[in-house]
Every structure is written in structure tokens, then in C-alpha cells.
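The values are calculated or read from the model by the stated rules, or taken from the named source; none is laboratory data. Everything numeric in this text was worked out from a predicted model, so none of it was measured. Heads up, the Cβs are rebuilt from the backbone with ideal geometry, glycines too, and the neighbour counts pull from every protein chain shown. Surface accessibility is based on the protein's heavy atoms, side chains included, excluding ligands, DNA and RNA. Shrake-Rupley method; radii C 1.70, N 1.55, O 1.52, S 1.80 Å.
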Amino acid sequence: MQRLDIYVQQSSLYLLETTAAVLPCQVVPYNGCTAIQKEMGADSREIRILAGSSGSIQGPDEAKLGYTMPQVADWDGDGDLDLLLSDIKGQHRFYENIGTKKTPKLASGQLLRVDWPENPPKPSWVWWQPNPTELVTCWRCQPCAIDWNKDGLVDYVAVDHEGYLTYYEGFLKDGEKWLKPGSRIFKDIDGQLIRISDLTVGKSGRARITLVDWDADGDLDIIHNAHHLFGEAKAFLKKVTNAGWFENLGPANNPVFKWQGEIIKKAIPPTSEHSTSPQALDFDNDGKLDLFLGGEDGRITCYHRAFIENDLPELTIVKVEKHSN
């Protein structure tokens, strides 16, 4: 069976390396069971991003928080997996893997670069000015690094400075990786732009996005998280309790998306009291994507596709026999 490792963020970044088979639908505690914690250092230093006294929208009480969202992708196209991090300020960093596939070693982080034609956009409530080439989006969001246009370069899909799902195309400039200014190409069946985060200031952002072919029809669908903290009942992320999804209806050159609501439509125990973090992958190699949900308590739960689609095997009692000893 293929081994799947998991990257998570606590106060520092850790790699959870699977060392034994984990059963589908099993809850895996962050610090136990089948995982080994390895600090992923950059230039022999721990990766730890903190807000400091003035880095959080919600004030200095969050000075020691970073809200980093890790993901891995071959960002520089050299054949190994690099690390990408978004954080509490809405900044986005790239840590190049200068080691090997099996023994990664990370260089110091650098901010993702966008070829802006003028001053970079930022959320209206952000008090600091980004660098001329910096990408600043809503805070506490998980973007998706994926080759959306299939040109061989990894692109970036993120919730932008106003909460809209936005496509940043990757390209090479003087042999180095850059992003083009964002394009809001994601629309629903009514022709409206998809806006994942529709609140402002401290209640903005908080979105986790992944693009996968959830319905196995050959195109990329959008999976998003749920968030339970807001008092506003109409907030988009409150429409689901675990994870929702947009189905890609095509066509390939200008797709539209239909919101299909909750992925797991049956009642399940709450994954998180705050915000979920969904990822989809074929955990058991049966050709169907399963759903992983992470929560702020550190637990990661895998829901098998058969459970989600009510396709579990059924047993029928055909005969009961009583045997005496």
C-alpha cells in the first residue's frame, strides 16, 4: 500500500510520516499512534512564523500565533517537493527543497513574487504596505498549488484580498518562478464570481481550499472547509458543518461551478468546534478519493468514500444455529 505522509502546523511545522497502515475512518491523534514527528527546519533552523505584537488583526493577544497553512508541491519544477506556507498576515512563502526526495532539506523561506503592474492589492483593513512584488491575501487561508492550465508549471489558487477565489498563473521570469496578477476566473452557474470569504477584518479569510477531481469526471472541482465561529448566520463557510464542494461543469476553457453543499450528508460527530481543514486523496488505493478532515485540536479523521456515499457492504442473516458445548 502506498504510504501517505501528512504535513501539519502547530507552533512549529511537523511532518507526520506514516509508519504503519492506518485504517480508513480511524481518528489519528496528532501526537500518537502511527506517526513520527520531525521538525522541518530551514537552513538548520526551525520554521516558526509568529504574529508578534503587531502582526494579527485581532491584536497582541495573538503575538505567539502564526496560523500557518502548509502544503507541498514542486514549486520550482526541479523534480522534488518544496514547501509553501500561508500565514496570519496573509503572506505566502516558498521554501525550496535543496535536499533530495527522500531526505528533504529546506532553504530559507522567500515570499512568493507576483509581477504586479502597480502597487500590490491588499485587504482594506491591513495597515502595512506590502512589498512591490508581494502577494497579500485574506489571513488564515489555505491556498492550493496546482498546475491549473496544464502548461507544466505549478500555479496558485487562493482566496484573494477581497475573499474571491482567484487564479495566479505561474510563469518563468529570467529563469525564476513568478506569478501573474490574479484573475477571478471561478464563476457559479449564475455567472457570479465565487466568493469564499464574505466577511471583513478578523472574521475574514479562514478558508481552506483544495482542487481535486472529486466526482472523477476528468476536471477539477473545488472543496472548501466549514467554519463555526462566526455569529453571522449568512457567512458562506457556515453553510456546511464539515466540508462543501463546487462541481466543475465545464467547459475546460471557461468552466462554471455548481455548489453541491455538504460532502458528507449524514450526521457525523463534529470534526472541529472552530474550523475544519479538508483534503481529498485516495487513501486505500481503490481508485476513489476519500476525505480527510483536520481540526484545531490536532485530530485528523479519514472518511472512506464508501461511507460518504452509503456504499458500505451489507450483511444479511440467512441462518441462525445454536450449538451446545
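Here are a few things to note about the model shown:
- Residues that are β-branched (V, I, T) and surrounded by 21 or more Cβ atoms within 10 Å (Cβ to Cβ), drawn from the stretch 111-144: V114, V136, T137
- Within the stretch 132-184, the set of residues being more than 17 Å from S86 (Cα to Cα), of a type in the set (D, E) and assigned to a strand (DSSP E or B) comprises just one member, E176.
- Residues in the stretch 80-94 include at least one that is open to solvent by less than 50 Å² (accessible area, probe 1.4 Å) and touching a helix residue (DSSP H, G or I) at 6+ places or on another chain (Cβ under 8 Å).
- So R208, is it open to solvent by 40 Å² or more (accessible area, probe 1.4 Å) and either touching a Pro at 6+ places or on another chain (Cβ under 8 Å) or within 21 Å of P255 (Cβ to Cβ) (or both): no
Here is a yes/no grid of residues against (1) surrounded by 14 or more Cβ atoms within 10 Å (Cβ to Cβ); (2) in contact with a Lys or Arg (Cβ under 9 Å, 6 or more places away or on another chain):
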{"residue": "P255", "(1), (2)": "yes, yes"}
{"residue": "E262", "(1), (2)": "yes, yes"}
{"residue": "I268", "(1), (2)": "yes, no"}
{"residue": "T276", "(1), (2)": "yes, yes"}
{"residue": "D286", "(1), (2)": "no, yes"}
{"residue": "L289", "(1), (2)": "yes, yes"}
{"residue": "F307", "(1), (2)": "yes, yes"}
{"residue": "E314", "(1), (2)": "no, no"}
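- Taking the stretch 71-97 as the range and being polar (S, T, N, Q) and not in a strand (DSSP E or B) as the test, only Q91 passes.
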